[in-house]
Amino acid sequence: MLGEKALELIKEMERSKDGKLPAYNDNCVRLVLEEMTALFQQNQDDVNATVAGEAQYYPGIRLRHASLERNKRCLLAYLYNRLERIRDLRWDFGNILPPEIRENLCDPEIEWFARYSKNLATYSRSLGEGSGLDLTHDIKPPKNIYVEVRCLKDYGEFEVEEGDVVVLQKNTTHYLPMSSCQHLIRLGVLQQVD
Amino acid sequence: MFRSQTVVKQTNPRQAEERLAPKVRDMLVTDLRAEFYNLIKSQRVLVLVHFDLDGICASKILQVLFRTDHILYTVVPVQTCTQLLEAFQQHAEQVKVVLLVNCGGCVDLVEALQPPDDLVFFVADNHRPLHVCNIYSASQVRVLTQLGEEDEEVPAFEDVFRPDESEEENSSDDDGGGGGSDDEEGGRGKRRRFDEDVLEKRRQRRLWEQQRHKLLFDYTQFSFFGRSTALLMFELAWKLSKDSNDLLWLAIIGETEMVLHERSEPGKHLLTSASLQTHVSRLNPKPAEDAPRPPSDSLRITFEKDLTLALYRHWSLVESMRHSPHLATALRLWTLKGEKRLHELLAEMGLPLAQCRQLYCGMDVELRNGLQKMLEGKTDKYGLKNLFFMTFSATLGFRARMCASDYVHAAVSLLERPDSDESPTTCFLDAADALDLTKPEVLGRGIELRKQQLEAIYRQVQTFLDMNQVICAGPFLYATVVQGTPDARFFAAPHSLNLLATFTLRAHVSTSRSRKSRNLPLILTTPDVKYPEPDHCLVCGIPPVSEETHKNLLGKAFEQAAEKTNAKADLDYFDTNVVRLSVEDRSKFFDALISLLS
């Protein structure tokens, strides 16, 4: 069936909506492109024949053209959806991607990610009258500047923004600025106390 | 950075004669808002909390206050003096303010912890007697408390600290003998010409030192408890107008813990109850007839008369009666006759036995409502004296009503859990969670644990009494939990051991025929199963039943006996009536105690 491979690409994206970005399906994309080339070739021949005067190829041409456009739309949707997800990764993870995600991206995508990061960084730096504001820091407006956290593991000394050094020993409770703790909360060393 | 206390005349000994000795009431910080809270507003605070429920409640109140004022803090739980020292060394590098809650008041802090000069300690400790160096410290150690009568017994400054030798005059009116010189070499050197003077002064100094020794000994002989620290912190919150029902509930739990563990005197407890009750009525006003009802998920506290049966709302009536010290002792439930008396009591009140054996919440509503009245009617016949007490209970939304003592039981049992795989500090955090009103499942776990613990205590008391293992050793009664008892794991912690001891003593006094046993303290020892080294035991001493003020001289006695026998005793706990010994040293330790106390 025409257009099946392209639909597979779309289904793959749909299935992985809530999970990890799947690996770049180079194989499938190549097959779709091959199908498109074959269709185009056939169309080309038929168009040449029609121009020469035979009118019975017209429906076939229209069908192939429609299918070519469908394949093109599917491919573009696939690529764009991946780019959107990679862009969200930048907001979630920051500048450096963890290796298990990096291996699922193809080279042009990695290059795109680097350029997007650079753009975002330049823009962030230009905000706040030149002093810069990290936009990816707080996605939701923070309820509190400080947060009470409990230490789950022995971490050792930790420097808070204002310069105070806190010793993170297991089972101690601390009240610290949110921005300093967020990283450790994500790592699992600290636990927020509601 | 810290303004010196304006109320106190500085006791700089290098000043000349016009030195006024500080009075105790000036040295204690009673205005917490001005002299404590306002000073720490821009600082980072290290809070060291003792492992007891009053301390946990006080620290939770303080945490709420600090959060509203964005005061950064770190809370570290400590159980013994060594842990205090370790925690201090680890955490106090960058802080300028250390707050000690329920620990460290009876220890000379400056000497033990060797702090840098600009570090300030605030001590809010309900243990008494407070160390004189802490009370009279000029500005490094500040004691937060309310003035009470026990402060009249603190030795006067001039009796304890020698005036400087640059002063020739005698400093005062005290009965401590002369002031005079101290023994700095330079001073004596100048006066070597006047031999007689020197001898006279030395004699006076010796007299003074003897007097001082005696005064300090009398002062530290009895250890007891002052007011609840949680209540102190609640009053601070009230003065700052930041109090709320939640904080009041925490203060109530702290105060109830002191009552349940027999730490506060009955007379004083009445006064604090009354003041708590005024707070309760202020924060929980009775809604007017047609006013809109308060939101149903808010906390409402009430003050009412309640039974002293442990956990009776979460257990069956019979079980609860059996495991509560007051009722069990009155009816002597560990004997066969006692069981019959219990059944008689229930039958006379008209409660069907089948229902009494079920969970309390499964009993008929009329029976539950009438229970208190029926028991009141029977108090004389069965001698149930201490069955009722006035206490507080809380309802939160549509949950069942919980009384303060339930919270205390549950939280304390979580604090001293018998299984040893979790570190003590995790247990501390669990106990703190149990008090959190948003986490009822932790409280439920605590209640179940407490039931097991009370059953174990009851079984042990029964063993003691059935086999007559409470022996009179002369000046005190003595009981041992045998090594290898499976229940011993429930007793290997200070609070549980104290509970077992109180129950045992009461039970013994009620069954023994000699009148003397009412006046004898009890010393109980149990194998310490939680300590990593084997063959250690915990020894706990409680004052006699006739001692109303709960003043305990066994702490000091333990210290002296350990000194005399050079036993490897671990006098580390802040509750000085509990010590850890190795089993070999135990018998000579007890011999030394017998000779000391007789």
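The values are calculated or read from the model by the stated rules, or taken from the named source; none is laboratory data. This structure is a prediction, so every number in the text was calculated from the model and none was measured. Counting neighbours? That spans all protein chains shown, and the Cβs are built from the backbone with ideal geometry, glycine included. We work out accessible area using only protein heavy atoms, side chains counted, and drop any ligands, DNA or RNA first. Shrake-Rupley method; radii C 1.70, N 1.55, O 1.52, S 1.80 Å.
Roll a 1.4 angstrom probe over the protein heavy atoms and tell me the percent of accessible area of segment B:24-110 that is carbon or sulfur.
Values: 1070 of 2500 Å².
Result for segment B:24-110: 43 percent of the exposed heavy-atom area is carbon or sulfur.
Assign unit charges at the C-beta atoms only (+1 for Lys and Arg, -1 for Asp and Glu), then state the dipole size of segment B:433-474 relative to its Cα centre in Debye, rounded to the nearest 20. It would help to have the intermediate numbers written out before the result.
Numbers: 5 positive and 6 negative charges, 13 e Å.
It comes to approximately 60 debye.
In segment B:278-357, how does Rg compare with the Kirkwood Rh, expressed as the Rg/Rh ratio over alpha carbon atoms? Each step should come with its number before you reach the end.
Numbers: Rg = 18.7 Å, Rh = 15.6 Å.
Looking at segment B:278-357, the ratio lands at 1.20.
First compute the accessible area of chain A with a 1.4 Å probe, then give the percent of it belonging to carbon and sulfur atoms. The partial results should precede the final answer.
Details: 6710 of 12470 Å².
With neighbouring chains kept in place, the figure for chain A is 54 percent.
Using r as the Cβ-Cβ distance of B:Leu216 and B:Gln89, and R0 as 30 Å, what FRET efficiency do you calculate, to the nearest 0.05?
Calculated value: 0.60.
Rounding to the nearest 20 debye, state how big the charge dipole of segment A:4-126 is about its Cα centre with +1 on each Lys and Arg Cβ and -1 on each Asp and Glu Cβ.
540 debye
Cβ neighbours within 10 Å, averaged per peptide: list B:115-123, B:134-142 in order, most packed at the top.
Ranking, from highest mean packing down: B:134-142, B:115-123.
Work out the mean other chain Cβ neighbour count within 10 Å for the residues of A:163-172 and drop it here as an integer.
Working: counts 1, 6, 4, 8, 9, 1, 7, 4, 11, 11.
The shielding value for this peptide is 6.
How crowded by other chains is B:68-74, given as the mean number of beta carbons from other chains within 10 Å of each beta carbon? Let's see the in-between values first.
Values: counts 0, 0, 5, 2, 9, 6, 11.
Across the residues of B:68-74, the mean count of other-chain Cβ atoms within 10 Å is 5.
At 222 nm, what value in deg cm²/dmol follows for chain A if DSSP H runs of at least 4 each add -39500 (n - 2.57) and the sum is divided by all its residues, to the nearest 500?
Numbers: 6 runs with 108 residues, N = 194.
That comes out to -19000 deg cm²/dmol.
Run lengths n ≥ 4 of DSSP H only: what is the helix-derived mean residue ellipticity at 222 nm for chain B, with -39500 (n - 2.57) per run over all residues, to the nearest 500? Each step should come with its number before you reach the end.
Details: 22 runs with 269 residues, N = 598.
Helices in chain B give a 222 nm mean residue ellipticity of -14000 deg cm²/dmol.
With every protein chain present, what is the per residue accessible area of chain B (1.4 Å probe, Å²)? Write out the running numbers ahead of the final one.
On the way: 26780 Å² over 598 residues.
I get 45 Å² per residue for this part.
What's the center-to-center distance, using Cα atoms, between segment B:40-103 and segment B:430-482 in Å?
So the two Cα centres are separated by 29 Å.
State the three equivalent ellipsoid semi-axes of chain A, derived from the C-alpha gyration tensor as the square roots of 5 times its eigenvalues, in descending order and whole Å.
Calculated on Cα positions only, the semi-axes equal 54, 18, 13 Å.
Can you pull the three principal axis extents for the Cα set of segment B:422-492, in Å, largest first?
50, 23, 21
I need the P(r) histogram for segment A:24-64: all alpha carbon pairs, bin width 5 Å from 0 out to the longest distance, whole percents.
P(r) for segment A:24-64, in whole percents per bin: 6, 24, 24, 16, 10, 9, 6, 3, 1.
What shape does segment B:350-483 take by its C-alpha gyration tensor, where a ≥ b ≥ c are the square roots of the eigenvalues and a/c under 1.5 counts as rounded, a/b above b/c as prolate, and the rest as oblate? Intermediate values should be presented prior to the final figure.
Values: a/c = 2.07, a/b = 1.06, b/c = 1.94.
The shape class here is oblate.
Can you compute the charge dipole magnitude of segment A:155-194 about its Cα centre, using +1 on each Lys and Arg Cβ and -1 on each Asp and Glu Cβ, nothing else charged? Give it in debye, rounded to the nearest 20.
Working: 2 positive and 6 negative charges, 52 e Å.
Its charge dipole is roughly 260 debye.
With just the Cα atoms of segment A:146-192, tell me how far they stretch along each of the three principal axes, in Å, largest first.
Principal extents (Cα only, largest first): 23, 17, 16 Å.
Whole percent per 20 Å bin, from 0 to the bin with the longest distance: what is P(r) over all C-alpha pairs of the protein assembly as shown?
13, 36, 27, 14, 7, 3, 0, 0
Calculate the tail of P(r) for chain B: the fraction of all Cα-Cα distances greater than 35 Å, expressed in %.
Values: 78743 of 178503 pairs.
It works out to 44 percent of all Cα pairs.
Shielding by partners for B:433-440, please: the mean number of other protein chain Cβ atoms within 10 Å of each residue's Cβ.
Numbers: counts 2, 0, 0, 2, 0, 1, 1, 0.
Per residue, the average neighbour count from other chains is 1.
How tilted is helix A:26-51 with respect to the longest principal axis of chain A? Cα atoms for both, answer in degrees (0 to 90, nearest 10).
Roughly 30 degrees between the two axes.
When the solvent-accessible surface of protein heavy atoms is calculated with a 1.4 angstrom probe, in what order do B:Met374, B:Met390 fall, highest first? Show your work: numbers first, answer last.
Working: B:Met374 55, B:Met390 85 Å².
Per-residue accessible area, sorted high to low, gives B:Met390, B:Met374.
I'd like to compare B:449-458, B:353-362: which one has the highest average count of other Cβ atoms within 10 Å, and what's the full order after that?
Details: B:449-458: 20.7, B:353-362: 14.0.
The densest-packed peptide leads the list: B:449-458, B:353-362.
Which order do peptides A:152-164, B:502-514 fall in by mean Cβ count within 10 Å, highest first? Before the final figure, lay out the partial values.
On the way: A:152-164: 12.9, B:502-514: 18.5.
Result, highest mean Cβ count within 10 Å first: B:502-514, A:152-164.
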